[in-house]
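Written below as structure tokens is the structure these notes are about.
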């Protein structure tokens with residue numbers, strides 16, 4: 001399959017000539033966000049409070065939105081062209097500076113963080129201003145970021161603490177709301193479904209990779225690798241494998257199918273890819289930070305802070321599949337929602353368990369979920385029923 005595609009960068013109205021593949025340039029671009037996720041995890045690891053979670057989320061949304069904007073552009077345009085590659089690498093450099101500023105974004109590096117975000121959005125949005133088309137191309141998520149949210153971040157960076165957090169939170173909400181507010185303008189966009197679905201699944205892999213790094217780094221950071229730590233490493237890794245299985249064994253193909261068959265693709269892109277994957281990735285980061293502390297002290301009780309990260313992250317991850325499945329097919333994901341509820345109600349007990357026992361319990365819960373779903377899919381009658389429900393959902397969306 002070729003990477004080339006006949007398409008417009010600005011509006012995506014042209015249909016793909018053939019299916020695209022994720023390019024080496026895009027994979028190189030993603031490496032920057034490995035660094036960003038690592039820095040965000042370190043920031044969250046220093047403050048487990050609700051305020052710390054909110055402050056980390058406010059910082060993560062612009063970074064995530066930079067990645068989403070670039071993924072959309074490389075889907076609509078031909079990444080094999082040198083001009084777009086240079087543009088993508090320039091955005092990557094802006095993201096590097098955002099990641100470098102993360103540890104002190106609420107301190108003396110706030111202006112660097114804000115300027116880097118604004119510069120990245122200008123690079124992505126500049127071709128739209130040069131376009132000869134009318135208002136559709138001029139009013140879109142890129143130009144909104146250039147004109148409103150980027151300057152809002154810069155103004156916030158110049159304000160004292162408290163005001164800065166408020167303005168940055170407002171900017172994050174505005175970026176997230178823009179695709180919904182502009183839905184009528186964007187509904188005609190057409191995407192290469194396999195390519196775009198794969199791009200978002202790769203960001204999930206970045207987050208899962210951070211969980212593996214957290215496990216290994218914690219086991220080596222000043223602690224002797226004894227039997228208890230080794231068991232904790234095994235339990236944490238089993239949990240990471242289980243989270244991978246939940247997404248990639250079933251959900252990844254379903255997301256691609258939903259995007260391919262949707263009459264209005266931007267609805268799947270907006271709800272499932274942009275919003276749903278923000279929740280997936282944030283949940284995995286929470287789990288990774290919790291794993292770091294749990295593996296370090298496997299014999300100690302988790303406590304409410306680390307327990308909240310671990311149990312809350314797993315519950316959020318599983319519950320998000322309930323949202324995405326409903327958005328795609330108007331079906332209820334009973335198995336995953338039930339597992340999410342089990343994990344959530346287990347938190348009061350899990351917070352007082354030794355970290356090793358908590359990790360093993362979570363890994364077992366996710367493992368049982370995957371086993372149940374595997375047995376259900378193995379039944380021919382269930383597969384036929386699922387196919388009919390999906391087909392009905394597609395027909396309903398196409399009306």
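A few notes on this one:
- Matching entry among 209, 230 (being in contact (Cβ under 8 Å) with a residue 24 or more places away in the chain, surrounded by fewer than 17 Cβ atoms within 10 Å (Cβ to Cβ) and either closer than 30 Å to residue 299 by Cβ or not assigned by TED's automatic domain parsing to the domain that holds residue 267 (or both)): 209
- The listed residue being crowded, with 18+ Cβ neighbours inside 10 Å, within 19 Å of residue 343 (Cβ to Cβ) and in contact with a helix residue (DSSP H, G or I) (Cβ under 8 Å, 6 or more places away or on another chain), out of 262, 235, 258: 235
Each row is one residue, and each column tells you yes or no for (1) in contact with a strand residue (DSSP E or B) (Cβ under 7 Å, 6 or more places away or on another chain); (2) modelled with pLDDT under 95; (3) surrounded by fewer than 17 Cβ atoms within 10 Å (Cβ to Cβ).
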position: 333; (1), (2), (3): no, yes, no
position: 340; (1), (2), (3): no, no, no
position: 345; (1), (2), (3): no, no, yes
position: 360; (1), (2), (3): no, no, no
position: 367; (1), (2), (3): no, no, yes
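- Annotation note: of 334, 244, the sole residue that is under 21 Å from the mean Cα position of the chain (by Cα) and free of Cβ contacts under 8 Å to residues at least 40 places away in the same chain is 244.
- Set 120, 110: member being buried (at least 20 other Cβ atoms within 10 Å of the Cβ), in contact (Cβ under 8 Å) with a residue 24 or more places away in the chain, over 20 Å from residue 274 (Cα atoms) and touching a helix residue (DSSP H, G or I) at 6+ places or on another chain (Cβ under 7 Å): 110
- Region 143-232 holds helices (runs of 4 or more DSSP H) entirely within its bounds, and those carrying 2 or more residues that are in contact with a helix residue (DSSP H, G or I) (Cβ under 9 Å, 6 or more places away or on another chain) and under 30 Å from residue 252 (Cα atoms) map to 163-181, 183-186, 193-220.
- Residues in region 39-59 that are surrounded by fewer than 20 Cβ atoms within 10 Å (Cβ to Cβ) and under 14 Å from the mean Cα position of the chain (by Cα): 1 in all.
The values are calculated or read from the model by the stated rules, or taken from the named source; none is laboratory data. Remember, it's a predicted structure, so these values are computed and weren't measured experimentally. Quick reminder, even Gly has a Cβ in these numbers, built from the backbone with ideal geometry, and neighbours come from all protein chains shown.
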